[in-house]
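Working notes for the structure below.
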């Protein structure tokens with residue numbers, strides 16, 4: 001697991017030159033990359049959501065596609081379109097921006113549900129179907145979507161089916177005082193992303209993703225994962241709990257957290273550290289919970305406190 005630890009440290013250190021003071025957030029993005037998952041960043045404008053996606057793509061020497069979602073956007077603006085070529089007398093596929101390795105879906109909730117759904121096949125099956133022909137996406141493929149949780153005018157709520165396809169939903173948050181001063185100093189003459197160079201290759205990413213699957217998860221830890229997810233379904237303040245995809249997400253993310261820390265086995269603490277970003281957006285709270293000013297985070301805290309932590313040697 002030393003290779004994955006070194007791999008992740010290179011990426012985190014590189015992105016930290018642009019996204020200052022947000023190491024935990026950057027590590028969560030790397031976890032999504034290692035798990036072949038997708039990331040939803042939900043925060044106000046100006047905190048670095050777009051820069052995080054661009055910095056990750058540059059650090060990997062990966063192709064980058066940006067989709068600026070608007071209410072008048074069509075599904076073909078995302079997937080691509082078949083155009084008739086008069087010279088060859090045949091239709092040619094013109095790929096859309098989703099065919100890149102790192103795809104930024106900026107302000108994804110501004111598009112209509114029909115347009116949002118154009119990403120469903122790509123995010124799950126890693127293919128795009130246009131005019132009945134299926135086109136494979138790159139081996140390394142990650143969608144980083146952003147949305148503003150404050151402004152709701154002219155937006156469309158993401159359907160549960162699409163939310164469930166994001167491995168994590170995370171905020172970025174305001175920087176600390178010292179970090180914000182460093183941001184001012186760093187951008188006085190030139191933006192740091194303009195000087196950002198690749199530190200790993202796409203081949204390195206594929207090798208790390210393959211190696212990750214060999215990280216050991218003991219049966220008690222697997223049971224702990226499932227118990228956490230099932231308690232979200234049985235909780236009195238939850239109308240709809242996390243799906244089995246949530247269990248798989250905890251399983252993979254636990255492996256990634258362990259590997260990033262240089263271990264070849266997963267502990268319950270690894271699972272707890274990613275419970276909120278993985279399970280929070282997969283839960284629908286009961287109407288009564290909203291009246292009590294409860295949110296997904298407080299419900300998950302209750303679930304974590306009341307789920308027994310397994311004892312024993314997790315490396316066996």
Tilt relative to the chain, helix 296-306 - C-alpha long axis, 0 to 90 degrees, to 10: 30 degrees
Cα long-axis angle, helix 23-34 against the chain (0 to 90 degrees, to the nearest 10): 70 degrees
Acute angle (nearest 10 degrees) that the helix 202-212 long axis makes with the longest principal axis of the chain, alpha-carbon atoms: 30 degrees
Listed residues 198, 287, 71, most fluctuating in the chain (Gaussian network, C-alpha, under 10 Å): 287
Area projected by the alpha carbon convex hull of the chain, averaged over all directions, nm²: 19.0 nm²
Among 101, 151, 160: highest mean-square fluctuation, GNM of the chain, C-alpha pairs under 10 Å: 151
Three-way shape call for region 156-211 based on the alpha-carbon gyration tensor, with the a/c threshold at 1.5: oblate
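What does DSSP give for region 2-207 in terms of the percent of beta bridges that are antiparallel, rounded to the nearest 5? Numbers along the way, then the final one.
Values: 10 of 26 bridges.
Antiparallel bridges make up about 40 percent of those DSSP assigns within region 2-207.
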Distance between region 136-187 and region 30-86 - C-alpha centres, whole angstrom: 11 Å
Fewest-first sequence of 290, 54 by Cβ atoms within 10 Å of each Cβ: 290, 54
Gyration tensor (Cα) of region 215-306, equivalent ellipsoid semi-axes in angstrom: 26, 12, 10
Candidates 306, 85, 148: whichever shows maximal mean-square fluctuation once the chain is modelled as a Gaussian network with Cα springs under 10 Å: 85
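None of the figures in this text is laboratory data; all of them are computed from the coordinates on show. Just so it is clear, the model here is predicted, and its values are computed rather than measured. Ideal geometry is used to build each Cβ from the backbone, glycine not excepted, and the neighbour counts take in all protein chains shown.
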